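Okay, structure first, notes after.
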Amino acid sequence: MLTGIVLAASGFGQIDKAQAILTRFEGQINSLLAKPQPDLFAWHLRSIRALAQSQFATLSLQQSAYLGRPIADHTKEFVDYLTTISKGFEGDCSNPECYLKDGNRTLILARASEIEGSLQYFMLDLPRNWDAKKAYPLSVGLHGTGPDNALAYPSFALGPRDKAPEPNSKEPMIKLTPWGRGNRGWRGDGERDLFEAINSIKAFATLNPDRWYITGHSAGGDGSWAIVQRTPDLWAAAGMQSGSMISGRPEWGLVENMAYVPFHAMIGENDNLPNRIPDSKEAVRLLDALGDDTKFLLIPKTGHYPLPAEAYEDQENWMFAKVRKRPTKFSFTVDQYVHPGVWGIKVVFLPTQRQLIQEPWPRFDVKISGQTVEITTKNTKRLSVDLGSNGLKMTGDVALSVNGKEVLKGAVPDKPIVVDVP
């Protein structure tokens with residue numbers, strides 16, 4: 001156990017208190033795990049325990065400061081957050097039905113990252129009377145800049161309460177809130193953590209692939225804007241709240257990638273963070289010019305945060321009414337090898353190219369008319385094309401041409417075909 005670490009004698013007065021609350025909390029979790037528990041709830045329990053132990057292990061190093069703040073601040077936060085969670089487990093947090101049947105408590109599910117094996121987690125809200133075999137819509141919410149302690153957001157969700165909230169009368173939906181590794185934003189490893197979380201969910205739940213939604217506040221909104229530019233074929237609709245285009249500037253040439261994804265942007269009229277109001281307006285204007293389905297909400301008498309409940313409801317209602325459809329005309333510019341294409345059409349890179357993609361970036365444009373698929377490319381030597389259910393969703397006989405040259409005429413192949421671009 002990490003609680004057995006011998007601590008250096010120093011002036012870090014709260015470390016003994018931190019060790020005491022961790023020991024107490026471990027006892028609570030171990031007591032629950034000693035009894036038969038549903039698998040998902042047991043994973044939740046082990047996850048919370050592992051996060052607490054990991055955070056304490058960092059404190060036990062007695063490093064004078066990290067992440068720009070003294071260790072005393074981190075230690076106090078640890079004590080406060082874990083005390084809150086512990087009190088929650090004195091109540092209904094210890095009841096698996098609150099998470100798995102009633103849908104009014106949030107699961108915290110940790111995993112070893114596929115990037116470098118570090119401990120990462122995501123938060124998950126299941127609908128009331130969740131059925132693992134039933135396909136539910138997925139709603140992703142990306143958090144903005146906030147606490148850098150991994151126990152912070154779990155403490156907000158698992159604290160004590162006088163009574164459970166009333167059942168939600170809205171459509172049943174699975175809601176995912178990934179952890180963005182503190183305040184690293186949603187680029188690189190943060191973005192990959194999102195998709196690792198979705199893959200984890202697929203292992204125990206069923207998702208409706210045509211009803212995935214993504215939004216986020218502040219830096220989370222920046223992330224939503226950037227992620228959709230590189231994965232537009234995944235989302236039925238997207239949004240940002242008090243966001244900006246800092247993570248996906250228009251001059252990079254990727255906005256056209258998301259021209260068919262319905263997009264809702266909202267921001268307070270008194271938001272005083274630099275460039276956020278003009279960026280939100282410009283994002284919607286750019287998509288409008290491309291023919292996209294958009295909505296912009298400028299909220300009166302409101303700053304950066306919090307936004308009023310009716311604004312969140314407006315965005316949810318607007319987004320959740322949308323259903324993903326494969327467009328008959330679309331384009332895609334590739335700026336990262338990890339996002340090589342959409343709708344089953346991918347630029348094929350050599351292993352030596354899988355680092356940075358040099359400009360001018362590869363691009364392809366697709367036009368589908370009935371059973372005819374026309375692809376034109378720029379800066380591309382090879383494509384992989386999936387015409388079937390995992391790609392363009394074509395059936396029957398099709399005609400495929402690349403840069404004006406017919407490369408297939410006949411039945412949809414069972415697997416993707418690789419085309420050397422003429």
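The values are calculated or read from the model by the stated rules, or taken from the named source; none is laboratory data. Being a predicted model, the structure only gives us computed values, none of them experimental. Neighbour counts run over all protein chains shown; Cβ positions are idealised from the backbone, glycine included.
Some notes on this structure:
- The residue that is surrounded by the most Cβ atoms within 10 Å (Cβ to Cβ), among those in segment 63-79 that are touching a residue at least 12 places away in the same chain (Cβ under 8 Å) and more than 26 Å from Gln28 (Cα to Cα), is Ile71.
Okay, residues lined up against (1) assigned to a loop (DSSP other than H, G, I, E, B); (2) over 19 Å from Pro232 (Cα atoms); (3) in contact (Cβ under 8 Å) with a residue 12 or more places away in the chain; (4) not hydroxyl-bearing (Ser, Thr, Tyr):
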residue	(1), (2), (3), (4)
Leu297	no, yes, yes, yes
Lys301	yes, yes, yes, yes
Ala311	no, yes, yes, yes
Met319	no, no, yes, yes
Arg326	yes, no, yes, yes
Tyr337	yes, no, yes, no
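- Of the numbered criteria (1) part of a strand (DSSP E or B); (2) out of contact with any helix residue (DSSP H, G or I) (no Cβ under 9 Å at 6 or more places or on another chain); (3) not acidic (Asp, Glu), the one Leu387 fails is (1).
- Qualifying residue in segment 347-362 (condition: crowded, with 20+ Cβ neighbours inside 10 Å, farther than 14 Å from Lys329 by Cα, under 30 Å from the mean Cα position of the chain (by Cα) and basic (Lys, Arg)): no
- Contacts under 8 angstrom Cβ, first residue in segment 137-165 being among the β-branched types (Val, Ile, Thr), partner assigned to a loop (DSSP other than H, G, I, E, B), 6 or more apart: Thr145/Asn183; Thr145/Ser218
- Selection of first residues in segment 22-41 that are more than 17 Å from Leu109 (Cα to Cα) and of second residues that are among the aromatic types (Phe, Trp, Tyr) and surrounded by 11 or more Cβ atoms within 10 Å (Cβ to Cβ), restricted to Cβ pairs under 6 Å at least 6 apart or on distinct chains, gives the following pairs, ordered by first then second residue: Leu22/Phe56; Gln28/Phe89.
- Leading residue by the ranking (farthest from Phe364 (Cα to Cα)) among those in segment 279-331 that are touching a Gly at 6+ places or on another chain (Cβ under 9 Å) and polar (S, T, N, Q): Thr302
- Some residue of segment 4-18 being hydroxyl-bearing (Ser, Thr, Tyr), under 28 Å from the mean Cα position of the chain (by Cα) and either at negative phi or at pLDDT 95 or above (or both): no
- Note on segment 231-248: among residues that are part of a loop (DSSP other than H, G, I, E, B) and within 12 Å of Asp210 (Cα to Cα), the one that is farthest from the chain's Cα centre (by Cα) is Ala236.
- Residues located in segment 254-275, provided they are under 26 Å from Thr145 (Cα atoms) and either among the small types (Gly, Ala, Ser) or within 21 Å of the chain's Cα centre (by Cα) (or both): Leu254, Val255, Met258, Val261, Pro262, Phe263, His264, Ala265, Met266, Ile267, Gly268
- Candidates Leu408, Leu387, Leu392: the one that is farther than 25 Å from Pro209 by Cα and aliphatic (A, V, I, L, M) is Leu408.
- Matching residues in segment 285-326 - criterion: being crowded, with 18+ Cβ neighbours inside 10 Å and within 20 Å of Glu251 (Cα to Cα): Leu286, Leu287
- Residue list for segment 150-175, restricted to those being within 22 Å of Thr84 (Cα to Cα) and modelled with pLDDT of 95 or more: Ala150, Leu151, Ala152, Tyr153, Pro154, Ser155, Phe156, Ala157, Leu158, Gly159, Pro160, Arg161
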